[in-house]
Amino acid sequence: MRAHRRALAIGAVVLALGATLVTGVVTIATGRSGRESAVFARTAKLTAARGAVGKGLTLDGTTLVTRRASSKQPLATLGGGDEIIAPLTGSLTPVAAASSDRSFVVYSSWRQLARIQPDAIGQGLETGRPVGVPSIRLFDLRRGKDTLLANGAASPAVSTGGAIAFLAGDSMTVRQNVDYVGRIVVADSPTSKPRVWTSMPARYLPYAWAGRFLLVHRGVQDSEGADLYAYAGPDEGRLLAPDAYAIAVSPDGTKVLAAAGVRTLEVIRVADAAIEDTLSLDTASGPSAPQALMYGGSWRGDRIVANSDRGLVVLNTRGGLHVESVFATPGFPHGIAEPVFTDDTSVEGWADVGAQHATPEGSGEPAYDNALVACDLVTQSCVVDQANPARKWARWVTNPSR
Amino acid sequence: MKALRLLLVTAAALVWTAPASASYFYYHRTSLTNSTFETIDNFGHSTGYNRAGSGSGTDACQHNNWIPLGAYDVLWHDDNYGGSRIQGRVWRLSDYQCSNGVRRTELFVHSEETSGQGQSCGPDGTDYPFCWEGSHDYYSLGCIKLARQPVPSDLRQVDSFVHTYGMATDLWVFS
């Protein structure tokens, strides 16, 4: 009897070891963990509840915060008196990006000059009136030191090697109804002198680095849209897609998913602008089909997650680019913005939350509070952090560069 | 002579106090591709309701989404605009700064036509920027778009109205 029990125990141990070994081999061979093979529902609703959103580096208004599983610690006050917001880009590019070694954070700040009258015609501002001053600043996480990199600058991007790119405006001041243009400048490191990468001024908005290429939205004069370019060096820009914005960079940095002409998604090879895959949203049908995907998504393995007018969309590149899942987000008026995969089944981002706050006379666009969000796509549940008012941005500090 | 002078002064005063002829745009924002657009002058004449669209998402305080609620200056109008992305009959709107600080800029009312108010179309299956193919053309990167087809089009109706009753000075976006 005892011998039989021992044989059973040894058998169980061997089986467990075998299973672990197989899992390990699969993981090493594919670069994926077992959870990635988790099947997401084709359509589902994400629930939302208050709770701890997990660990990471975050912005809480002007405060840089490090979060652990159930606690958070303020690290520094940023901005030198400016707000930590990015009025020129919104979520098109991150407000802050961390270096890959977590030694520094580069971020946008803003000094508001004009008083906005939200219910007045033209918001009470005449053409040419100074509205604000955008700046780029750097916080050294090791020394705890905050440095102004440039006034009259916006849209920073930090490479995996530590290079910093941003738009250096021709003017320090943003003015009402006047295009804000400038040049891309690139510094090889936080201590290097920036070099000009574009000799002609334009509304350049750097987004991220894809290996040695800098992905840039180049605004066109008569549209809020832009063309998507890849720059390899000074004036070495290649058009990747006209009327397009980047959604996510592939994990190896060789490809970018972009929305071109709003309704077409393209997987574009960064080195030569070749279109590797395409998906027309016009072919999608049904009430949950997205009308358009938003920028500020992320790419992990074969999957890409992005916000949309229908909620959180998961695309899959395996077997041809297709919509794998649509997660409705009824708890969030505008979905989950800037979603980033933190593992194979979890996503973090931020969202407008709660009831809208009307403008004084009720004719302007209402305001929403905003909060950090973390979601599990398998259990279809999200936790939501404390809410901040509209101009006190709550954001994860990540980096879309690869 | 004195009576004539009095008459002239009275006539001049009447002209001075009469409202200048002007038009106002009203956009009832209800969906990305199926909202309504109306043009009214300051004497109450109206185009009636035209279908219109705006944006590719419903978060007005992010770029490329539908136009924020509020009152806009119509900065200028051109019947033969020759821009790189939009052409023909266009109206430029004032910038808007949202409650979260994000600025919406380069906003227009327009359609899809050439600077000569024509159509530049190609084979089916491709969306040509200066050709109104159908309902999907109501999507935009933030601007308000009116149909260019069938002829006479909604765009022509609005353009003819403002040329008849007075140039548009304001746009009101409401929900």
Which shape class applies to chain B: rounded if a/c is under 1.5, otherwise prolate when a/b exceeds b/c and oblate if not, where a ≥ b ≥ c are the square roots of the Cα gyration tensor eigenvalues? prolate
For residue A:193, give me every one of the lysines with a C-alpha distance below 26 angstrom, ignoring sequence neighbours fewer than eight places off in its own chain. A:145
Pick from B:34, B:65, B:42: which is most flexible by mean-square fluctuation in a GNM of chain B where alpha carbon atoms under 10 Å apart are linked? B:42
Under the rule of -39500 (n - 2.57) per DSSP H run of 4 or more residues, summed and divided by the residues of chain B, what mean residue ellipticity at 222 nm is obtained, to the nearest 500 deg cm²/dmol? -5000 deg cm²/dmol
With a ≥ b ≥ c taken as the square roots of the eigenvalues of the C-alpha gyration tensor of region A:34-396, please select rounded if a/c is under 1.5 and otherwise prolate if a/b is larger than b/c or oblate if it is not? rounded
Give me the net charge for the shell around residue B:120: Cβ to Cβ below 10 angstrom, other residues only, Lys and Arg +1, Asp and Glu -1. -2
Leading residue at positive end of dipole, region B:22-174 (Cβ point charges), from B:82, B:147, B:53: B:53
Post the alpha-carbon centroid distance, region A:147-184 to region A:332-354, in whole angstrom. 27
For chain A, what is the mean residue ellipticity at 222 nm derived from helices alone (per DSSP H run of n ≥ 4: -39500 (n - 2.57); sum divided by total residues; nearest 500 deg cm²/dmol)? -2500 deg cm²/dmol
From the residues B:102, A:190, B:32, which one has its Cα farthest along the dipole of the protein assembly as shown in the positive direction, the dipole being from +1 and -1 charges on Cβ of Lys/Arg and Asp/Glu about the Cα centre? A:190
Note on region A:34-396: contact order normalised by length, alpha-carbon pairs under 8 Å, 6 or more apart, percent, works out to 16
Summing +1 for each Lys or Arg and -1 for each Asp or Glu, what net charge is found among the other residues whose Cβ lies under 9 Å from the Cβ of residue A:58? +1
Those Cys residues of chain B for which no other cysteine Cβ falls under 4.7 Å: B:143
In debye, nearest 20, what is the charge dipole magnitude of region A:34-396 about its Cα centre with +1 on Lys and Arg Cβ and -1 on Asp and Glu Cβ, if you could check? 1000
10 Å Cβ neighbours from other chains, averaged over peptide B:71-80: 3
Considering every residue in A:359-366, what mean count of other chain Cβ atoms within 10 Å of its Cβ is obtained? 5
If I build a Gaussian network model for chain A, linking alpha-carbon pairs within less than 10 angstrom, which residue out of A:140, A:376, A:101 has the largest mean-square fluctuation? A:101
Taking the number of other C-beta atoms within 10 Å as the exposure measure, put A:46, A:214 in order starting with the fewest. A:46, A:214
For chain B, what's the relative contact order in percent, using C-alpha pairs closer than 8 Å and at least 6 residues apart? 27
Rounded, prolate or oblate: which one fits region A:45-104, using the alpha carbon gyration tensor with axes a ≥ b ≥ c (rounded when a/c is under 1.5, else prolate when a/b beats b/c, else oblate)? oblate
Region A:92-120 and region B:69-106 have their Cα centres apart by a whole-number Å value of 24
Quantify how strongly other chains surround peptide A:174-182 by giving the mean number of their Cβ atoms within 10 Å of each of its Cβ atoms. 3
Once you've got the GNM for chain B with C-alpha springs shorter than 10 Å, pick whichever of B:86, B:67, B:144 has the biggest mean-square fluctuation. B:86
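Read-outs: derived from the displayed coordinates by stated rules, not from any lab. Computed from a prediction, not measured in an experiment: that's the story for all the values here. Counting neighbours? That spans all protein chains shown, and the Cβs are built from the backbone with ideal geometry, glycine included.
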